[in-house]
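To start, the structure itself, in structure tokens.
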Amino acid sequence: MQQTFYKYQGTGNDFVMIDNRQQTFDKNNTKQVAFLCDRRFGVGADGLILLENHPDYDFKMVYYNADGNESSMCGNGGRCLVAFAQQLGVITNKAVFEAIDGLHHATIENGIVNLQMLDVDVVEKYDNHVFLNTGSPHHVQFEENIQDFDIKTKGAGIRYGAPYNEAGTNVNFVQKVSDDLFRVRTYERGVEDETLSCGTGVTAVAIAMHATGETQSNKVSLNVEGGKLQVRFNVENGTYNDVWLIGPATYVFEGKI
């Protein structure tokens, strides 16, 4: 069967996009999803995203990791899907869509997508790390010099280790540059390797840095391997609300496979 696809990337986090409004894609075929994401035999991507009709909102997001399994929320994927929806003519410059973690609002202008993320009311602080859920689970820890850090080995050790074990977690290593600027490298579960960027990851880092007093700003800039992102938020009674992930979402190419 021939499949039309579109390729998008958000600060190096890349995705195969498929217009599934006619329900032609077999969502139970995990091998097909993994094949399309394979960088040697398929299109190549960190994940695959289906854009589907929704009875009440602009569209629905269905996200799969590169291993073929449906996964928790992907922030950069959500931003790229907004750009894809605009390309398809589903939206103009605003969107409300449903993802696995609930409703998301978004705006897009000149290739920059502002995506509203989940409120966060639990930030678990430990001696050497912070854990929180921003639509996906994230472990956040400081490292003095992450330039030469073995992200894949260290990240995998944490991702599969206690207390996360079978469920696992995403792992973010952080280096402070200034009060409102941090460098981040992320090991993503499902990809099982470092990705050039992780949207829920930088959201988690920004909130974790504020919660631990490493920044006083409610607008945090984050340098990732694939570019720059921003996260802004409000804080009320220990709850982080009105959380927005901001950055570019870029069309790369389209084709048939």
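The values are calculated or read from the model by the stated rules, or taken from the named source; none is laboratory data. As the structure is a computational prediction, the values presented were derived from the model and not from experiment. Cβ: placed from backbone, ideal geometry, glycine included. Neighbour counts: every protein chain shown.
Figures for the structure shown
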read-out	value
Test: residue in the range 13-34 that is free of Cβ contacts under 8 Å to residues at least 40 places away in the same chain, of a type in the set (A, V, I, L, M, F, W, C) and within 20 Å of GLN86 (Cα to Cα)	yes
Residue list for the range 119-153, filter: aromatic (Phe, Trp, Tyr) and either surrounded by 14 or more Cβ atoms within 10 Å (Cβ to Cβ) or touching a Gly at 6+ places or on another chain (Cβ under 6 Å) (or both)	PHE131, PHE142, PHE149
Total residues in the range 92-108, condition in a loop (DSSP other than H, G, I, E, B) and farther than 25 Å from GLU70 by Cα	2
Single match in ASP179, ASP193, ASP242 (criterion: over 18 Å from VAL140 (Cα atoms) and either of a type in the set (D, E, K, R) or crowded, with 19+ Cβ neighbours inside 10 Å (or both))	ASP242
Count of the range 154-175 residues which are at pLDDT 95 or above and surrounded by fewer than 14 Cβ atoms within 10 Å (Cβ to Cβ)	1
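Conditions (1) touching a His at 6+ places or on another chain (Cβ under 6 Å); (2) more than 15 Å from VAL252 (Cα to Cα); (3) modelled with pLDDT of 95 or more; (4) in a loop (DSSP other than H, G, I, E, B), marked per residue:
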{"residue": "ARG21", "(1), (2), (3), (4)": "no, yes, yes, yes"}
{"residue": "PHE25", "(1), (2), (3), (4)": "no, yes, yes, yes"}
{"residue": "LEU36", "(1), (2), (3), (4)": "no, yes, yes, no"}
{"residue": "LYS60", "(1), (2), (3), (4)": "yes, yes, yes, no"}
{"residue": "TYR64", "(1), (2), (3), (4)": "no, yes, yes, no"}
{"residue": "CYS80", "(1), (2), (3), (4)": "no, no, yes, no"}
{"residue": "ALA83", "(1), (2), (3), (4)": "no, no, yes, no"}
